[in-house]
Amino acid sequence: MPGHLVRRFHQITVAIFHAEMAKLDSDITPVQYAVLATVLENEGIDQATLAGLIAYDRTTIGGVIDRLVQRNWLVREVNGNDRRAHSLRGTVEAKQIIDRIAPGVERAQQVMLQGLAHDEASELMRLLGRAVTAANDLSRAPLRSKPER
């Protein structure tokens, strides 16, 4: 069944990611990587928008952000336009971490698809993208597009 295969593939991809990070003496998780990479690309982003961009539950993202702030990889600042909201900014250390682990992240992507020929891997990615897009709104944490500034 597709749900079982997707869950199993997810387990495998997370294990591969952690193995590649361990080779680089890093304990960053896939979600922490997604948060840091997205914040670094969108300086000043708020927590709710970040959650939408990485399709992560809005209530759970706070704990991830808290851990990244504690590690001095993110800075959380009160938003000047809405004092209830916080803007996120990546630190110099975050940029250094992302740059340092980039080769491992790339290797992980290759290992995840190693059992497929190049055209098969492209087709799998295309089909997964279509399936995810079609069912996106059924998710508890749907992926949202980047808001225009």
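Miscellaneous remarks
- Condition check for Arg107: touching a helix residue (DSSP H, G or I) at 6+ places or on another chain (Cβ under 6 Å), open to solvent by 70 Å² or more (accessible area, probe 1.4 Å), not acidic (Asp, Glu) and not in a helix (DSSP H, G or I): no
- Residue count for region 110-149 satisfying the condition of being assigned to a helix (DSSP H, G or I) and basic (Lys, Arg): 2.
- Search result, residues across region 58-71 that are of a type outside the set (A, V, I, L, M) and either open to solvent by 40 Å² or more (accessible area, probe 1.4 Å) or under 12 Å from the mean Cα position of the chain (by Cα) (or both): Arg58, Thr59, Thr60, Asp66, Arg67, Gln70, Arg71
- Qualifying residues in region 58-91 (those that are in contact with a helix residue (DSSP H, G or I) (Cβ under 7 Å, 6 or more places away or on another chain) and in a loop (DSSP other than H, G, I, E, B)) - the one farthest from Asn136 (Cα to Cα): Asn72
- A count restricted to region 16-47 and to residues that are over 16 Å from Ala94 (Cβ atoms) and open to solvent by less than 40 Å² (accessible area, probe 1.4 Å) stands at 3.
- A single entry from Leu88, Leu74, Leu127, Leu138 fulfils the requirement of being among the hydrophobic types (A, V, I, L, M, F, W, C), loosely packed, with under 11 Cβ neighbours inside 10 Å and more than 24 Å from Ile16 (Cβ to Cβ): Leu138.
The values are calculated or read from the model by the stated rules, or taken from the named source; none is laboratory data. Because the structure is a prediction, the values reported are computed rather than measured. Neighbour counts run over all protein chains shown; Cβ positions are idealised from the backbone, glycine included. Please note that ligands, DNA and RNA were not included when accessible areas were found on the heavy atoms of the full protein model with its side chains. Shrake-Rupley method; radii C 1.70, N 1.55, O 1.52, S 1.80 Å.
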